Amino acid sequence: MNPLWLAIERLHRCSLTQVLELLVMQEGHKPAVRLVIDDHELPLLKDAVEGEGLYLGKARVRLREVLDTETGDIFTVSDDSCGSISGAFAVFVSPEPDLARHLAEAESDGETSVQLGRLLGLPDCCTASYVLLQTGKNWLEVWGADLSGGPFDAHANHLASFGSGVSPAGEYMPCSPRCRGTADRARLAITIGRRHGFGGLVDRWESWATCSAIVVDRTALLLSPPGDACFFRVGEPRPDLEQMIQSNHKSDLGKTAEIGRRVDFRTFIGRSEEFKFRQT
Ligand SMILES: [Zn+2]
């Protein structure tokens with residue numbers, strides 16, 4: 001196996017999504033990848049990156065991890081205050097030494113997420129909508145602001161990343177289920193991932209990506225794929241829904257295999273619509 005992927009797997013803040021991102025970059029379809037590591041992990045990553053003929057730029061600023069309790073996502077923010085430094089910092093891996101260095105400087109100098117996103121090759125529409133998240137909006141409100149029409153391209157179904165644990169488009173928040181840039185990136189990463197032995201991983205993502213979802217208020221319910229043993233909630237807790245599921249099925253939330261098929265959530269919720277994704 002590629003020594004760089006092996007190194008990434010040993011970095012405790014890095015994900016399978018980032019393994020796919022590095023793969024896409026090494027195939028020439030992505031300019032750079034951002035990772036968050038700490039001092040102990042730097043030598044391991046540096047050796048692996050240099051062994052692959054790539055370059056690493058290290059940001060000067062440290063990061064603090066901030067947990068969003070609504071979504072369970074962990075965001076990082078720059079933290080220059082004394083005494084509260086977590087030790088984590090961003091590094092940028094690229095085949096272009098100037099770009100790796102430029103990205104590290106841009107992050108250290110507090111450039112906006114739009115500028116960083118552009119350097120990382122992310123869709124402009126997505127980095128623009130990310131600015132709204134930084135002002136305190138819930139990501140589901142932004143992503144699901146307009147769910148009319150559809151069915152949508154399954155490759156732009158960001159909800160699937162919560163069920164499957166991987167986001168082929170990359171480690172960023174897509175702007176909407178209509179985002180063509182996200183769908184194109186996911187499609188390409190899936191093709192490349194399959195070619196390099198990640199078929200099981202991308203199959204799992206695709207099975208979640210074609211699931212229907214329901215969004216009500218600021219909560220999404222992703223109805224489970226056949227054979228997968230849960231349904232998934234993203235957003236604010238809904239004790240009413242969870243209590244209904246538990247009392248009807250006498251099982252915990254991790255074993256509600258039939259819920260998506262047996263319960264019509266639309267009836268229960270009353271004022272939401274199921275929206276669908278199709279494989280293209
Ligand atoms: Zn977008």
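The values are calculated or read from the model by the stated rules, or taken from the named source; none is laboratory data. The structure presented is a predicted model; accordingly, all values stated were derived computationally and were not measured. Methodologically, a virtual Cβ is constructed for each residue, glycine included, from the backbone with ideal geometry; neighbour enumeration extends over all protein chains shown.
General observations
- Number of positions in region 171-182 that are under 16 Å from W139 (Cα atoms), in contact (Cβ under 8 Å) with a residue 40 or more places away in the chain and within 12 Å of the ligand (Cβ to nearest atom): 8
Residue by residue, here is whether (1) within 23 Å of F162 (Cα to Cα); (2) surrounded by fewer than 20 Cβ atoms within 10 Å (Cβ to Cβ) holds:
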{"position": "P3", "(1), (2)": "no, yes"}
{"position": "L6", "(1), (2)": "no, yes"}
{"position": "S15", "(1), (2)": "yes, yes"}
{"position": "L20", "(1), (2)": "yes, no"}
{"position": "P31", "(1), (2)": "no, yes"}
{"position": "I37", "(1), (2)": "yes, no"}
{"position": "L44", "(1), (2)": "no, yes"}
{"position": "D47", "(1), (2)": "no, yes"}
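- Where a residue in region 150-164 is over 14 Å from R278 (Cβ atoms) and assigned by TED's automatic domain parsing to the domain that holds R178 and its partner, wherever it lies, is among the acidic types (D, E) and modelled with pLDDT of 85 or more, with Cβ under 9 Å and at least six apart: S164/E206
- The listed residues are G53, G72, and the only one of them that is at pLDDT 90 or above and assigned to a loop (DSSP other than H, G, I, E, B) turns out to be G53.
- Enumeration of residues in region 185-194 that are over 11 Å from E27 (Cα atoms) and out of contact with any Pro (no Cβ under 6 Å at 6 or more places or on another chain): R185, R187, T191, R194
- Among residues that are under 13 Å from Y172 (Cα atoms) and in contact (Cβ under 8 Å) with a residue 12 or more places away in the chain, A128 is included.
- The set of residues in region 1-30 that are assigned to a loop (DSSP other than H, G, I, E, B) and either free of Cβ contacts under 8 Å to residues at least 60 places away in the same chain or farther than 17 Å from A90 by Cα (or both) comprises M1, N2, R10, L11, H12, C14, E27, G28, H29, K30.
- The conditions of being part of a helix (DSSP H, G or I), within 16 Å of the ligand (Cβ to nearest atom) and in contact (Cβ under 8 Å) with a residue 12 or more places away in the chain are met by R187.
- Residue in region 145-168 that is near the ligand (Cβ under 10 Å from one of its atoms), aromatic (F, W, Y) and either over 26 Å from L119 (Cβ atoms) or crowded, with 21+ Cβ neighbours inside 10 Å (or both) present: no
- Among the residues making up region 85-126, those that are of a type in the set (V, I, T) and within 27 Å of A183 (Cα to Cα) are V91, V93, T112, V114.
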